[in-house]
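The values are calculated or read from the model by the stated rules, or taken from the named source; none is laboratory data. Model, not experiment: these values are computed from the prediction. Positions of Cβ are backbone-derived with ideal geometry, glycine not excepted, and every protein chain shown enters the neighbour counts.
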Amino acid sequence: MSKREIGEAVFTILAILALWPVLLNWNHPLYQVLLGVILVILCVLVVGKFRRLRYEFDKTKIDTSRGVDKR
């Protein structure tokens, strides 16, 4: 695993742990800001993962043209 993947995994775990106060009905304005920041960072991580996945998928595509000369 690369350092980036490790960082993403650690942040994802921290984000899941950050949801516990919501489940316990703890309310604090600063906590709401923290949840907003976590949401934005998770969205960035998801977009990055989809881009990397699409890039890897595109690398595996096989050219299926029939050898037609395109002059």
Scope segment 1-13; condition in a helix (DSSP H, G or I) and without any contact (Cβ under 8 Å) to a residue 12 or more places away in the chain; matching residues: 3, 4, 5, 6, 7, 9, 10, 13
I need every pair where a residue in segment 30-42 that is farther than 13 Å from residue 12 by Cβ has its Cβ under 7 Å from the Cβ of a residue that is among the aliphatic types (A, V, I, L, M) and not in a helix (DSSP H, G or I), sequence separation at least 6 or different chains. 34/18; 35/18
Taking segment 29-71 and keeping only residues that are part of a loop (DSSP other than H, G, I, E, B), at pLDDT 85 or above and either among the aromatic types (Phe, Trp, Tyr) or farther than 23 Å from residue 4 by Cβ (or both), one is left with none
Please find, within segment 8-21, the residue that is modelled with the highest pLDDT out of those that are surrounded by 11 or more Cβ atoms within 10 Å (Cβ to Cβ) and more than 16 Å from residue 43 (Cβ to Cβ). 9
